[in-house]
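Please read the structure below before turning to the comments.
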Amino acid sequence: MKKVFTEEDIIRLQKEGSRIVAAGNADIFTPSALDKIRDFHFTIKIIDKGKPEFAGREISSQKIIAIGGDHTGFKVKAMVAKFMNGKGFQIKDVGTFSEQSCDYPDFAYAVAQKVVNKEAEFGIIIDATGIPSAITANKVPGIRAATCYNEFSAKSAREHNNGNILVLGAKTLGEETIKSIIEKWISTDFAGERHQRRLDKITAIERRMILNKIS
């Protein structure tokens, strides 16, 4: 029978003083469990032939995505770009290109522009928490940027809100959790119907604000 290793399982092993996780080839590790294994420097020991399975599924696509972030997201951005390339995506990286201190609005806006101008199918922005870049991107009419922190929020942002920019916190999420969020995002379609009616109301608000500024 398959065993699903969760974050709580790894924390329990750590409290017991263990540094080894014994797993069978059919066992599954959740993304948060993998992050804890990385944090605690655990070793996964396979007790029979094969490799353990990991939650998530492979996605294949040739779509173009725009990616950007400030200095706090620089390392994670590189990881995400490599991960997405491995999934068959083409990357438009708008920066930043070093860990030198910079301003997140510049890169959030650059990603938003790529998306709203249809130069990219969707965008990914990374800063420390994922909050300020989402605030910035959502100032651009037509952008629906969502700060996501687990698979459920990513699924909801796509299915209910037709989100077109995923925003992630480099200092709040582990690497495997980020990968699982991205996989959920790219594998979920917009549900339409009643959700479209609500998005139409958001668009109407945007238009009213633009007209008020012009008048």
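A few notes on this one:
- From helices alone, the chain scores -13500 deg cm²/dmol at 222 nm; the rule is -39500 (n - 2.57) for each run of n ≥ 4 DSSP H residues, then divide by the residue total.
- C-alpha long axis of helix 31-40 to longest principal axis of the chain, angle in °: 60
- A simple packing score, the average count of other Cβ atoms within 10 Å per residue, orders the peptides 123-133, 147-157, 8-18 as 123-133, 147-157, 8-18, with the highest score first.
- Close amide-amide hydrogen proximity is noted between F122 and A66, each under 5 Å apart and 5 or more residues distant or on a separate chain (H modeled in the peptide plane; Pro and chain starts excluded).
- Entries in K15/K45; K15/K77; K75/K179; K45/K82 that, when Cα-Cα distance is taken, lie over 21 Å: K15/K77; K45/K82
- Descending principal axes extents, the chain, alpha-carbon based, whole Å: 70, 44, 32
- Most mobile of H71, H160, H195 in a GNM of the chain (Cα contacts under 10 Å): H195
- Taking the empirical scaling 2.2 N^0.38 Å for compact globular proteins as reference, segment 162-214 has a Cα radius of gyration ratio of 1.60.
- Sum of side-chain charges, K77 neighbourhood, beta-carbon under 11 Å (Lys, Arg +1; Asp, Glu -1): -2
- When the convex hull of its Cα atoms is viewed from all sides, segment 113-201 shows a mean projected area of 5.5 nm².
- Whether segment 74-164 is rounded, prolate or oblate, judged on the alpha carbon gyration tensor where a/c under 1.5 counts as rounded: rounded
FYI, it's all coordinate maths here, none of it is from the lab. What you see is a predicted model; the values in this text were computed from it and never measured. Methodologically, a virtual Cβ is constructed for each residue, glycine included, from the backbone with ideal geometry; neighbour enumeration extends over all protein chains shown.
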